[in-house]
Amino acid sequence: MTSSGRPRLVVALTGGIGSGKTTVAVRLAKRGAAVIDTDLIAHALTAPGGAAMAAIAAAFRPGPIAADGSLERAVMRRLIFSDARARHRLEAILHPLIRARMNEELTQVQAPYAVLAIPLLFETGWTDVADRILVVDLPEPLQIVRVMARSGLTEAEVRLILASQARRETRRQGADDLIDNSGTLEDLLARTDALHEGYLRLAQVSGPP
């Protein structure tokens, strides 16, 4: 932690759907990094009584609101993947709230370094939030197979999601660190551990005590 309340090293972790970024985030957390997951923040904001729900209800009335006052995620997912204007409306509500909460949590970090898990890092343009960008990457055909296996989505549905995300090459070009996850789980964990050791070294020299 620096005197400004920001960790000495902040890493933004991203990757397309099914890339394995959650596995990487969990592994880094087990190794001692502080992981701030923007998906978890978004879930909290859209839970019953969540800070985003009043604005979402007003913007999408009658809208995809469950009986308990939470967001009907499956309904909203179908809507935003088929209607770009709806996606932009939702993002205009959620993104400022997510970023504010993320920055607040960042000031509370006590670990050697922080990882911001941001699936839509390049789509949101939030590349300025971190000192380094870590991209978990794999070829698209393998990505489709893995998403279908874990989620039950059809290939057409997965391709629709991929079309809404940043291009693979965009992520690769924007990465400071790149993990190839086309191999085994053991390969992924070994590469993640190696990066963790490197981040610890960087955190020791990047910034005043």
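The values are calculated or read from the model by the stated rules, or taken from the named source; none is laboratory data. These figures come from a predicted structure and were not determined experimentally. Cβ coordinates were reconstructed from backbone atoms using ideal geometry, including for glycine residues, and neighbour counts include every protein chain displayed.
Pick from ALA114, ALA12, ALA25, ALA42: which is more than 30 Å from THR154 (Cα to Cα), surrounded by 15 or more Cβ atoms within 10 Å (Cβ to Cβ) and touching a residue at least 24 places away in the same chain (Cβ under 8 Å)?
Going through ALA114, ALA12, ALA25, ALA42 in turn, just one is more than 30 Å from THR154 (Cα to Cα), surrounded by 15 or more Cβ atoms within 10 Å (Cβ to Cβ) and touching a residue at least 24 places away in the same chain (Cβ under 8 Å): ALA114.
Given the residues GLU105, GLU91, GLU123, which is the only one that is more than 30 Å from ALA156 (Cβ to Cβ), modelled with pLDDT of 90 or more and either in a helix (DSSP H, G or I) or not aliphatic (A, V, I, L, M) (or both)?
Residue meeting the stated conditions: GLU105.
Does at least one position in segment 164-179 carry a residue that is more than 27 Å from TYR113 (Cα to Cα), under 17 Å from the mean Cα position of the chain (by Cα) and part of a helix (DSSP H, G or I)?
So far as segment 164-179 goes, yes, one or more of its residues are more than 27 Å from TYR113 (Cα to Cα), under 17 Å from the mean Cα position of the chain (by Cα) and part of a helix (DSSP H, G or I).
Would it be correct to say that GLY15 is within 11 Å of the chain's Cα centre (by Cα), under 26 Å from GLY198 (Cα atoms) and small (Gly, Ala, Ser)? It would help to see each step written out before you state the result.
Values: within 11 Å of the chain's Cα centre (by Cα): yes; under 26 Å from GLY198 (Cα atoms): yes; small (Gly, Ala, Ser): yes.
For GLY15, the condition - within 11 Å of the chain's Cα centre (by Cα), under 26 Å from GLY198 (Cα atoms) and small (Gly, Ala, Ser) - is met.
Please state which one of VAL158, VAL136 is under 18 Å from the mean Cα position of the chain (by Cα) and not in a helix (DSSP H, G or I).
Testing whether each residue is under 18 Å from the mean Cα position of the chain (by Cα) and not in a helix (DSSP H, G or I) leaves just VAL136.
Residue-wise test of (1) surrounded by 17 or more Cβ atoms within 10 Å (Cβ to Cβ); (2) among the β-branched types (Val, Ile, Thr); (3) within 16 Å of ALA25 (Cα to Cα); (4) in contact with a strand residue (DSSP E or B) (Cβ under 6 Å, 6 or more places away or on another chain).
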residue	(1), (2), (3), (4)
ARG85	no, no, no, no
HIS88	no, no, no, no
ILE98	yes, yes, no, no
ALA163	no, no, no, no
ARG168	yes, no, no, no
